1. Within the range A:256-265, is even one residue more than 18 Å from residue A:301 (Cβ to Cβ), touching a residue at least 40 places away in the same chain (Cβ under 8 Å) and surrounded by fewer than 20 Cβ atoms within 10 Å (Cβ to Cβ)?
2. Testing residue B:164 on (1) touching a helix residue (DSSP H, G or I) at 6+ places or on another chain (Cβ under 8 Å); (2) in contact (Cβ under 8 Å) with a residue 60 or more places away in the chain; (3) within 14 Å of another protein chain (Cβ to nearest Cβ), one condition comes back false. Which one is that?
3. Can you find, within the range A:218-244, the residue that is surrounded by the most Cβ atoms within 10 Å (Cβ to Cβ) among those that are in contact (Cβ under 8 Å) with a residue 60 or more places away in the chain and touching a helix residue (DSSP H, G or I) at 6+ places or on another chain (Cβ under 9 Å)?
4. Hey, does the range A:83-98 have a residue that's within 30 Å of residue B:300 (Cβ to Cβ), part of a loop (DSSP other than H, G, I, E, B) and touching a strand residue (DSSP E or B) at 6+ places or on another chain (Cβ under 9 Å)?
5. Would a scan of the range B:318-326 turn up a residue that is more than 8 Å from chain A (Cβ to nearest Cβ) and out of contact with any helix residue (DSSP H, G or I) (no Cβ under 9 Å at 6 or more places or on another chain)?
6. Mind telling me which of the residues B:359, B:334 ends up being in a helix (DSSP H, G or I), touching a residue at least 60 places away in the same chain (Cβ under 8 Å) and not assigned by TED's automatic domain parsing to the domain that holds residue B:186?
7. Checking the structure you have, find out if any residue of the range A:286-299 is at the interface with chain B (Cβ under 10 Å from one of its Cβ atoms), farther than 30 Å from residue B:344 by Cα, modelled with pLDDT under 95 and touching a helix residue (DSSP H, G or I) at 6+ places or on another chain (Cβ under 8 Å).
């Protein structure tokens, strides 16, 4: 029998029709055996590979666990790469450790997912740092793996000039960037992309810029880059997750590849949120090979019957509280 | 016009409040000595009336139910006698000594009695008060207090204005700083830093703190565990007097026994349970999962999100990550005292669960020596009286 990574690669490449449930349960058994912090969580929940009867019962780790623990199935010293949620530092950031096998799976899966949606013929421009300059940014790594032609780095003015020069060629361009980066670039002036070009935004504003409502932001993209709404996309991804979701147009919902499943959980009951009600996204990602396959986020969303979801903000606990100290405040005074 | 009703906004931010003029007018009519006496009499009468009527805010509009608030409110009101108030004034040498003309109170907190006690302190030094509540803050209890003051003495009540606006409203924040001579701010580090950088007048900061409890090596009665449970769950563990860490004198075996008894007491605690919201459950679920992954933690939890007891290997002051999480750690008496001493600037109070009077006396004395100003028996932590020296400082003198 093939190894687990090989079986997942086969599924990703469409070379096998092994069912998702078997694979996620086998992945759970592997991670339960080799990932000590995750095993402790499973034992606390009373869920082990022997007791889990259904894929939905596989315990989820909170995304925050990637900040607190080294979630790796192999010794950290043997890992091949690590990505940080901030892209620059491990301090208080999520750390996602990859083995050689899981890094290879990451690259295969991101390419398969991307090229199942977007043309290989388009020139790809990335509004983000070059992976050589940001080796711990999973986003930069992804665009590197997609052979992006140009990266913005820290000089958006120069990048915009290079982008404008590229528009002289009629070949469509896909402009992939963080919402913050795209907005910064467009603040320098609009760019008329060739017919058939696309823009993919990701990552939100991360508190670095005034937040724009989605409709205003999409309006800015359409007007500033001369692309139709149907050619504007959003990517939903995170450092803690190996797979990506994409949505098309301002009103589009996010859909993922066949090797990831998503549920919307009502945290009060622990069960799926009622149809039409929002819950918190829980992802079951077969490509999270070396860490943990099931991730509980604080992202609020509504999900449809096909598993596509629309985001509704985050489940931030009430900002206003009593006069009690928080752990962050305690640390900040230490 | 008596400007004491909780108002949603300041009508005209281009003109400073006329509080200073109003106070000057009162001082022309009364001498300062008489004004201070009148303030003491008015507060005492209003407190008496409050105890008699047990008037409460509307539970539907407040973050905490009245049955919970009254546990804190009653001991406070009972300590607002003329004798107690003069005793407080004299203990700080503030008889016949005036505070600043107008004091701004910035309340970035959901706990309902912070504003009430802050206003009382200002009245005791004859200062006018302009109170800024948060945009969605607890105005109901303050409104009840102000109504009682109006009914008792309109002149004293006219020394108070209360407004509510979000902290991001820079225009109204500036109006406040331009209308006062001193700012008292209750809030987190961010709020205090923001106020300190913007205010042109002196700032008296009351930063966020937490409280702790100690179970000394002595016999502990069931009612003392019940008291500890109250100290943990009052105000959904959101007050500076809420217990986050319980220090148990003894070894790991004893700490596990004590944690079990504490869990039992938390289960039977009669305080009303907070509503299970998605945000609350998500926050508690996440915290429990992270603790479950931590090899130093051993968790016991209720079915919902109300409480979580964590036996933790590290003997340190640990801050709860979210609602109702309490850490139980162990050590020798000397070790516990050392930890408390090291963290004393972050600890508001310590409650003691112990049956033996002598042991309690010894612990109180040792804890006071670490710099903790408020030490009490289990169950009394959230019920301080007016003599409580918040942050261990002179509360009235700081208003001069």
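The values are calculated or read from the model by the stated rules, or taken from the named source; none is laboratory data. Source: prediction; values computed, not measured. Glycine gets a Cβ as well: all are built from the backbone with ideal geometry, and neighbour counts include every protein chain shown.
1. Start the filter on the range A:256-265 by keeping residues that are more than 18 Å from residue A:301 (Cβ to Cβ), which leaves A:258-259.
Next, from what is left, pick out any that are touching a residue at least 40 places away in the same chain (Cβ under 8 Å): A:258-259.
Subsequent filtering for residues that are surrounded by fewer than 20 Cβ atoms within 10 Å (Cβ to Cβ) retains A:258.
Yes, some residue in the range A:256-265 is more than 18 Å from residue A:301 (Cβ to Cβ), touching a residue at least 40 places away in the same chain (Cβ under 8 Å) and surrounded by fewer than 20 Cβ atoms within 10 Å (Cβ to Cβ).
2. (1)
3. A:242
4. Yes, some residue in the range A:83-98 is within 30 Å of residue B:300 (Cβ to Cβ), part of a loop (DSSP other than H, G, I, E, B) and touching a strand residue (DSSP E or B) at 6+ places or on another chain (Cβ under 9 Å).
5. no
6. Details: B:334 fails: touching a residue at least 60 places away in the same chain (Cβ under 8 Å).
Going through B:359, B:334 in turn, just one is in a helix (DSSP H, G or I), touching a residue at least 60 places away in the same chain (Cβ under 8 Å) and not assigned by TED's automatic domain parsing to the domain that holds residue B:186: B:359.
7. Within the range A:286-299 (the criterion being at the interface with chain B (Cβ under 10 Å from one of its Cβ atoms), farther than 30 Å from residue B:344 by Cα, modelled with pLDDT under 95 and touching a helix residue (DSSP H, G or I) at 6+ places or on another chain (Cβ under 8 Å)), the answer is yes, since at least one residue qualifies.
Residues checked against (1) modelled with pLDDT of 95 or more; (2) surrounded by 24 or more Cβ atoms within 10 Å (Cβ to Cβ):
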residue: B:122; (1), (2): yes, yes
residue: B:139; (1), (2): no, yes
residue: B:144; (1), (2): no, no
residue: B:165; (1), (2): no, no
residue: B:188; (1), (2): no, no
